[in-house]
Every structure is written in C-alpha cells, then in structure tokens.
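This report refers to the structure that appears directly beneath it.
Nothing in this text is a laboratory measurement; each read-out follows from the coordinates by a stated rule. All figures in this text were calculated on a predicted structure; none of them were measured in a lab. Counting neighbours? That spans all protein chains shown, and the Cβs are built from the backbone with ideal geometry, glycine included.
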Amino acid sequence: MEVKFTRNTGFYGMGSPITLRIDDRKISLSHNQSTKVTVQSPFTMQASFFWLKSPKYVITEPKKGYTITMNILLIQLYPFLFLFSGISAVFFQNIGYSVMIVFMMIGFFLFIKNKAYTIKETVDEEF
C-alpha cells in the first residue's frame, strides 16, 4: 500500500531534515515536504531529529497519509523556558538560581526528548 507522509513542523527545525524511520528504511523530510512510501502492514514508524524523537508507532491498518508535527507542549514551553532563563540571568544574579534554571532546562529536555514529534493520521481533505 502506498502511504503519504508530510512534515508540518512549523518554524522549529525548518533548516534541517527530519529522519522518518519506517521499519528498516530511513527517509529524510525537509520543511513542509511530502513523500509517498510503499509499505506493508504491519509496520513501525518513528520520526527523529538529532536527539528529539517521536514515540514508535506500530501501524497494523495503514491509512492514506500521516502528518509529522511538533508536540504542542514543546511548542508552548520551549520559548518561555529560554526567555525566562535569559531574563532571570539579568535580574537574579545568584549562582544557585542560575544552576537551578539550567537543571530545569535539562530536565525538560530529558522529559520531552522521546515525545518531541507526533505522527497523526491525515484527514481526507488534506490530500
């Protein structure tokens, strides 16, 4: 069966390709790029960009298409985390506070690194 995969990650990482792993194949998807891949069910798929990954999805009944998007939690918290860490460095010049902010950023990264992308079924109107 031929399945269409589309990358729709917005501004984040638009200059670098995402690697889509389908079983043992690797496919690179650039910003807003689509590709059609012939698959046989069941198959596994996972999107990755350096250390950021999506969960592994096992598809037993393939649909016509799938869209790779960013995790909404990452989109909402990522800018505020960096903005807050920059502003706090100016207003709170305490080494203990700065170390705490760094550990919070590392903790957030470790929490979100395997959930950074989601792969959703594409609705029929988008074909």
(request) Rank these for me by crowding, Ile27, Ile95, going from fewest to most other beta carbons within 10 Å. (result) Ile95, Ile27
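Exposure proxy check: Met100, Met45, Met70 ranked by fewest other beta carbons within 10 Å? Spell out each step's value before the answer.
Numbers: Met100 13, Met45 24, Met70 20.
With the sparsest Cβ surroundings first, the list reads Met100, Met70, Met45.
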(message) Here is the link list: Lys63/Lys113; Lys26/Lys53; Lys36/Lys120; Lys36/Lys63; Lys4/Lys113. Which ones come out longer than 20 Å on Cα distance?
(response) Lys63/Lys113; Lys4/Lys113
(request) Can you tell me the 0 to 90 degree angle between the C-alpha axis of helix 95-112 and the longest principal axis of the chain, rounded to 10? (result) 10 degrees
(message) Below 8 Å, C-alpha to C-alpha, sequence gap of six or more: please give me the relative contact order for the chain in percent.
(response) 29 percent
(message) Working only with C-alpha atoms, what are the Rg and Dmax values of the chain, expressed in angstrom?
(response) 17.8, 59
